[in-house]
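I have placed the structure first, in the form of structure tokens, so that the comments after it can refer back to it.
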Amino acid sequence: MSFLSINPADDASLGVFEPIDDAALEQLLAQSAAVAPTWAATPLAERCAYLRNVAGVLRRRSEEFAALITREMGKLIGEARAEVEKCALACDYYAEQAPRFLADTPLESDAGRSLVAWQPLGTVLAVMPWNFPFWQVFRFAAPALAAGNTALLKHASNVPQCARAIESAFNDAGLPGGVFGSLMIEAARVERVLRDPRVAAVTLTGSEPAGRQVAAVAGSELKKSVLELGGSDAFVVLEDAELELTVAQAVASRFLNAGQSCIAAKRFIVVDAIAEEFLGRFKRAVEALVPGDPMDEATTLAPMARADLREELHHQVVDSIKAGAEAIAGCKPLVRPGAFYAASILDRVAPGQRAYEEELFGPVAIVIRARDEADALRIANDSRFGLGGSVWTGDPARGERLARRLQCGCAFVNGMVKSDPRLPFGGIKHSGYGRELSELGIREFVNPKTVWIR
């Protein structure tokens with residue numbers, strides 16, 4: 001099956017790419033396995049220097065990479081530039097912090113000396129999505145490579161040029177051949193790669209079904225896995241929230257990347273005392289978003305990444321309206337070239353509706369009304385997902401108390417949920433397991449070896 005690169009803003013074909021054959025795949029697996037011991041033995045300071053080189057390449061080629069991201073998956077050009085810079089920041093962060101994170105940890109025991117040494121596992125397979133085609137890769141690769149692992153990337157089929165560009169960035173930075181490689185293979189061949197004894201572990205960012213499949217294979221092979229899956233993040237608005245800030249952040253969190261983000265605010269849970277005022281302000285701000293060419297700086301609403309994703313989103317919206325949800329804004333595809341969907345709001349979303357039960361991966365905000373704080377907490381936790389959540393209130397102490405009770409991996413007070421190299425990132429429940437970023441992220445793909453010396 002060929003991989004098609006299509007501009008979602010105008011449906012123009014950007015290229016057709018053929019998957020590699022079995023011989024080429026074997027060569028990449030062999031090269032990665034062969035270099036793994038050498039890379040693991042490379043002094044940490046040298047590995048960190050390579051990461052700084054990668055950061056430099058990303059910044060030098062920022063405009064090239066940002067334009068490619070926008071053309072291939074539709075992200076606004078300003079957001080694409082910010083994504084490339086964030087990748088560079090992650091490389092800089094781990095180049096600086098890896099020596100501290102990977103230093104031996106002394107422990108008290110009956111030994112003369114005992115410690116934990118953090119040692120790489122080997123080759124890690126990364127199965128990555130299209131929505132942040134650079135960032136999702138680098139937030140895995142920077143800590144994994146710093147720790148001494150080698151990496152093989154199986155990227156999403158609709159961003160083949162981004163996959164090639166990322167590989168070129170590592171090559172331009174001078175990394176030895178085989179330390180980072182891109183596998184242009186179909187999803188059906190991932191299982192074969194994961195079962196290969198030369199692959200030590202796997203990380204996946206993607207859908208819940210894909211996560212289940214990869215986790216099942218990894219489990220059967222007794223290989224370490226980290227999963228970052230879907231999310232339906234709660235955005236809890238209490239009666240004392242400062243509405244100007246809250247509404248501005250609500251729009252930013254929901255409609256960034258045309259709503260195609262696992263950690264986007266998706267469920268706006270608003271207490272009755274402030275619901276009408278919040279909804280009025282929110283509606284005006286949402287309807288002011290301007291769809292258009294994502295390369296145009298004036299555009300504020302990007303297209304969705306693919307037409308089939310837009311159609312699935314619309315089915316979810318239509319089914320929810322039939323079940324009782326109210327269309328307040330948008331709720332329809334835009335009649336124009338490209339995969340555009342109107343900036344939308346569904347009000348009075350309730351249990352039993354698809355919008356309540358499922359993740360809506362696109363520019364549709366759902367509003368669920370709560371009686372009070374306790375009811376808002378109940379609703380926020382009434383989800384099979386547990387990636388992130390936020391609380392909006394004029395009382396930070398109150399917000400913290402509520403944030404601690406949200407069933408999720410990342411809880412923010414008066415700020416939109418975001419990933420930051422300094423903070424651990426990941427979810428619970430059906431949003432996956434394991435952590436990326438921070439000290440916890442670099443320690444996911446290492447062997448914490450106990451060393452005991454008499």
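Computed from the coordinates by the stated procedures, all read-outs in this text should not be read as laboratory data. The structure presented is a predicted model; accordingly, all values stated were derived computationally and were not measured. A quick note on method: Cβ atoms are made from the backbone with ideal geometry, for glycine too, and the neighbour counts reach across all protein chains shown.
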Looking only at lysines whose Cα falls under 27 Å of Lys332's and that sit 8 or more positions away or on another chain, we get Lys75, Lys266, Lys283, Lys322
Could I have the simple spin-label model distance between Leu222 and Arg52, label points 7 Å from Cα toward Cβ, reported in nm to one decimal? 4.1
Grab the eigenvalues of the alpha-carbon gyration tensor for the chain, scale each by 5, take roots, and send me the semi-axes largest first in whole angstrom. 38, 27, 19
Over segment 70-159, what portion of Cα pair distances is larger than 20 Å, expressed as a whole percent? 50
What's the center-to-center distance, using Cα atoms, between segment 1-77 and segment 288-315 in Å? 25
Could you put His155, His430 in order, starting from the residue whose Cβ has the fewest other Cβ atoms within 10 Å? His430, His155
For Leu44 and Val335, calculate 0.36 nm times their separation in residues minus their Cα-Cα distance, and state this gained length in nm to one decimal. 99.4 nm
If you average the C-alpha positions of segment 144-175 and of segment 436-454 separately, how far apart do those two centres end up, in angstrom? 23
To the nearest 10 degrees, the tilt of helix 160-172 (Cα long axis) against the first principal axis of the alpha carbons of the chain is 40
With labels modelled as points extended 7 Å from the Cα through the Cβ direction, what inter-label distance (nm, one decimal) is found for Glu244 paired with Arg378? 3.5
Could you work out the Kirkwood radius for segment 252-302, taking every pair of different alpha carbons, averaging 1/r and inverting it, reported in Å? 12.3
If neighbour count is taken as other Cβ atoms inside 10 Å, put Lys449, Lys154 in order from fewest to most. Lys449, Lys154
Report the gain in length on full extension from Glu63 to Met295: 0.36 nm times residue separation, minus Cα-Cα distance, nm rounded to one decimal. 82.4 nm
Given charges of +1 on the Cβ of Lys and Arg and -1 on the Cβ of Asp and Glu, with all other atoms neutral, how large is the dipole of the chain about its Cα centre, in debye to the nearest 20? 880
Tail weight of P(r) past 25 Å, computed on alpha-carbon pairs of segment 1-123, percent: 54
Within segment 233-420, percent of DSSP bridges classed antiparallel, to nearest 5: 15
Per 10 Å bin, what is the whole-percent P(r) computed from every C-alpha pair distance within segment 233-420? 10, 40, 37, 12, 1
Write down, largest first, the equivalent ellipsoid semi-axes of segment 133-179 in whole Å, where each equals the square root of 5 times an eigenvalue of the alpha-carbon gyration tensor. 18, 13, 9
What is the fewest-to-most order of Cys331, Cys87 by other Cβ atoms lying within 10 Å of their Cβ? Cys331, Cys87
With unit charges on the beta carbons (Lys and Arg positive, Asp and Glu negative) and the dipole taken about the Cα centre of the chain, which residue among Ala264, Trp118, Ala339 sits farthest to the positive side? Trp118
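Highest mean first, what order results for 357-370, 303-316 on Cβ atoms within 10 Å?
Working: 357-370: 23.6, 303-316: 19.4.
Highest mean packing first, the order is 357-370, 303-316.
Compute the FRET efficiency between Glu277 and Val16 as 1/(1 + (r/R0)^6), taking r as their Cβ-Cβ distance and R0 = 51 Å, and round to the nearest 0.05.
0.50
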Separation between the Asp308 and Leu115 pseudo-spin-labels, each 7 Å from Cα along Cα→Cβ, expressed in nm? 5.2
Return the lysines within reach of Lys449: Cα separation strictly under 24 angstrom, same-chain partners fewer than 8 residues apart disregarded; answer none if there are no such residues. Lys223, Lys224
In terms of modelled amide H atoms, which long-range or inter-chain residues lie less than 5 Å from the amide H of Gly230? Glu208
